[in-house]
Amino acid sequence: PCSELCQTVGYVDLWELMNTARVSKIYLSVCVCIQLLKIIKFTNVIVPKMSLMTRVLAKGCYDLLFFGIIFMIAMFAFCMLFHVQLGSYMDDFYSQPSSMIALAKALFGDFPFEEIMDNSRGYLNAMMFIMYLFVAVFILLSMFLAILGEAQAAVRDDENLAKERGDFPNQYGFIG
């Protein structure tokens, strides 16, 4: 009875309208971000000196892809470890996605170390968290930077070869 009445009288579902507005905002923000990132493409053409980042990423793309796979496996392994160990005690690790977010935040310096100590019987969870930081920050981050450094060295070598052959373009584009 109520559903028939609601449909005939002119019931308006504002939640559906708000969901449409929310989804539209998401699409709009992604489009704006992509449009602004296109500036990088245009500056690469106008001033070739500014194309170093894209050339380095292009040179190391396969190494970065395989590194990304290894990094995600390591993150997932530690995510599961902390979800199983601390999930029932800490809000940061109550589910796999929240555990992944907590570990990603830890990469940038937001350590829930005191909370881990407060919710653990001994030092095992704290030692595992330090082990995660060691693996993620020291080993994996070092590998990431080494891949980028190696790719940049290869790009610089290509530039030097082009200079020796004499077909190196003006790096400052229309400015130079």
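The values are calculated or read from the model by the stated rules, or taken from the named source; none is laboratory data. None of the values given here were measured: they were computed from a predicted structure. When we count neighbours, we look across all protein chains shown, and the Cβ atoms used for this are built from the backbone with ideal geometry, even at glycine. The area values use the complete protein model at the heavy-atom level, side chains included, leaving out ligands, DNA and RNA. Shrake-Rupley method; radii C 1.70, N 1.55, O 1.52, S 1.80 Å.
Summary of values
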item	result
By average C-beta atoms within 10 angstrom, highest first, the peptides 143-154, 23-34, 61-72	143-154, 61-72, 23-34
Relative contact order (%) - criterion: Cα under 8 Å, at least six apart; region: segment 74-114	32 percent
Relative contact order, percent, the chain [alpha-carbon distance under 8 Å, six or more residues apart]	28 percent
Helix runs (DSSP H) in the chain reaching 24 Å along axis by Cα, Kyte-Doolittle at least 0.5	14-46, 61-86
Accessible area of the chain belonging to carbon and sulfur atoms, whole % at 1.4 Å probe	69 percent
Accessible area (Å², per residue) of segment 1-152, counting only protein heavy atoms and a probe of 1.4 Å	73 Å²
Correct choice for Cα extents along the principal axes in Å that was computed from the model, options [x] 82, 60, 24; [y] 55, 33, 26; [z] 49, 36, 33	[x]
